[in-house]
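K.L.:
First, the structure itself, so that you have it in front of you.
Throughout, read-outs are computed from the coordinates displayed, never taken from laboratory work. If you're wondering where the values come from, they're calculated on a predicted model, not measured in any experiment. Note that we place each Cβ from the backbone using ideal geometry, even for glycine, and neighbour counts take in every protein chain shown.
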Amino acid sequence: MRYAGLIERLESLGYRVEDCGDIEIGRPASQEETGRLKNLKAVAEANVKLYEVVSKEVKKNRFPLVLGGDHSIAIGTLAAVSRAYKNLGVIWYDAHGDLNTPETSPSGNIHGMPLAASLGLGHAALTGIGGYAPKVKPENIVLIGIRSLDEGEKALIKEKNIRVYTMHEIDKLGMTRVMTETIEYLKGNTDGVHLSLDLDGLDPNDAPGVGTPVSGGITFRESHLAMELLADADIITSAELVEVNPILDERNKTAKVAVDLAGSLFGEKIL
């Protein structure tokens, strides 16, 4: 995303950008498993580091924009961001719910658990980052673009009454109505809104460089519209762009899409 010109794009819109650099997370010599969770120690340590970096920026009253990588980093981002708000809202723009727990996850992959962990559900090494839990309330979450859920996630969504716009609703209602309803819903309940944008929320034809692509996703143009409506509403107080995998990408196409969407989110207009 840096190579695709993200910083230059934001600066051209009048923003002052400070690049805090990469967070070195290392790589385990071999995959470790703790209570069915894969690489728990490495993921938890990476999120603690991210929490510390983002916390410093939040205390400076800056807008944190986090770039990844694995969506598990949302655990650290939300831990840092939510401290600044009494009622943080979250827009989870994703093909997946990421609401699994160690008990419900078919794979043990923590990148399928960050939203559950932020709700205080899961292993203490993940839910307790920052020294408090939960980070968000279920009534302050909106999921958009969902088209792949495990059975445990479906049950949790129903139990917690989490608002979800699947691809069915996007097709039926249109992106304008989905975003208008989302904005109105969160405006009434929250004092800040975090956007967690997983590039696999888009269709793989538009964003191929993701780890878990799911066909039938949100189009590039629909995503631009969503970001433009969020910019007009001026409700987003922090954001992350995740699941960009250069190894799987095609000539940095997905990173370029991420940069284009960031431009719209931060107010870029055609005229």
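K.L.:
Yes or no: GLU153 charged (D, E, K, R) and without any contact (Cβ under 8 Å) to a residue 24 or more places away in the chain?
P.N.:
Answer is no for this residue.
K.L.:
Which residue is farthest from the chain's Cα centre (by Cα), if the candidates are limited to region 181-209 and must be over 18 Å from ASN140 (Cβ atoms) and surrounded by fewer than 24 Cβ atoms within 10 Å (Cβ to Cβ)?
P.N.:
ASN205
K.L.:
Regarding GLU228, is this residue in a helix (DSSP H, G or I), touching a Ser or Thr at 6+ places or on another chain (Cβ under 7 Å) and of a type in the set (Asp, Glu)?
P.N.:
yes
K.L.:
Looking only at residues that are within 21 Å of HIS96 (Cα to Cα) and touching a helix residue (DSSP H, G or I) at 6+ places or on another chain (Cβ under 7 Å) in region 247-271, which one is surrounded by the fewest Cβ atoms within 10 Å (Cβ to Cβ)?
P.N.:
Among those residues, the one meeting the criterion is ASP249.
K.L.:
Would you mind stating whether ALA74 is crowded, with 23+ Cβ neighbours inside 10 Å, hydrophobic (A, V, I, L, M, F, W, C) and either in contact with a strand residue (DSSP E or B) (Cβ under 6 Å, 6 or more places away or on another chain) or closer than 25 Å to LEU230 by Cα (or both)?
P.N.:
Here the answer is yes, as ALA74 does meet what is asked.
K.L.:
State which residue is nearest to GLY97 (Cα to Cα) when the search covers only region 208-223 and only residues that are in a loop (DSSP other than H, G, I, E, B) and among the hydrophobic types (A, V, I, L, M, F, W, C).
P.N.:
VAL214
K.L.:
(1) surrounded by 13 or more Cβ atoms within 10 Å (Cβ to Cβ); (2) out of contact with any Gly (no Cβ under 6 Å at 6 or more places or on another chain): which one isn't true of ARG9, the others all being true?
P.N.:
That leaves (2) as the condition not met.
K.L.:
Kindly provide the set of residues from region 97-136 that are touching a residue at least 40 places away in the same chain (Cβ under 8 Å), over 17 Å from the mean Cα position of the chain (by Cα) and farther than 23 Å from VAL53 by Cα, ordered by number.
P.N.:
Across region 97-136, the qualifying residues are THR101, PRO102, GLU103, THR104, SER105, PRO106, SER107, GLY108.
K.L.:
Of the conditions (1) closer than 18 Å to HIS71 by Cβ; (2) within 18 Å of the chain's Cα centre (by Cα), ASP249 satisfies every one except a single condition; which number is it?
P.N.:
For ASP249, the exception is condition (2).
K.L.:
Shifting gears a bit: Name the single residue, out of those in region 224-241 being among the β-branched types (Val, Ile, Thr) and touching a Leu at 6+ places or on another chain (Cβ under 7 Å), that is nearest to HIS96 (Cα to Cα).
P.N.:
Selected residue: ILE236.
K.L.:
OK, next. Among the numbered criteria (1) free of Cβ contacts under 8 Å to residues at least 24 places away in the same chain; (2) surrounded by fewer than 19 Cβ atoms within 10 Å (Cβ to Cβ), which single criterion is violated by LYS160?
P.N.:
All conditions pass for LYS160, except number (1).
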